[in-house]
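Please read the structure below before turning to the comments.
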Amino acid sequence: MSATSTCRRCSKRARPNTTAEFKVNLTRPITPRTGEVVCEGKVVHKGRTLAVSEATLKHASGKLLAFGTETCSVFPAANLAAR
């Protein structure tokens, strides 16, 4: 979902990160007949080592289809070992 993308883009410069936790609630079935859907994500919290984001997936009519959250661990690049 968009929560991952939002979490990864919450910094002005790219910083290494990984998913620490995520959860998705599917509130309505999505089938080929569902038609166009809209996904929106936003950052809920951006800290030095953690970022939390959420996303919604809605039908074009506005009905909620799914909701998700993600927590990302963010690392300073200087703390990564050379490979």
Per the filter on the stretch 44-63, residues of a type in the set (Gly, Ala, Ser) and buried (at least 18 other Cβ atoms within 10 Å of the Cβ) are ALA51, SER53, ALA55
CYS72: passes all of (1) part of a loop (DSSP other than H, G, I, E, B); (2) touching a helix residue (DSSP H, G or I) at 6+ places or on another chain (Cβ under 9 Å) but (1)
Out of (1) exposed (fewer than 13 other Cβ atoms within 10 Å of the Cβ); (2) at pLDDT 80 or above, the one PHE67 does not meet is (1)
Restricting the stretch 1-42 to residues that are closer than 19 Å to PRO76 by Cα, open to solvent by less than 80 Å² (accessible area, probe 1.4 Å) and hydrophobic (A, V, I, L, M, F, W, C), the one modelled with the highest pLDDT turns out to be ALA20
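The values are calculated or read from the model by the stated rules, or taken from the named source; none is laboratory data. Fair warning: this is a prediction, and the values are worked out from it, not measured in the lab. As a convention, Cβ positions derive from the backbone with ideal geometry for all residues, glycine included, and neighbour counts pool all protein chains shown. For the accessible areas, the whole protein counts, side chains as well, though only heavy atoms, and no ligand, DNA or RNA atoms are used. Shrake-Rupley method; radii C 1.70, N 1.55, O 1.52, S 1.80 Å.
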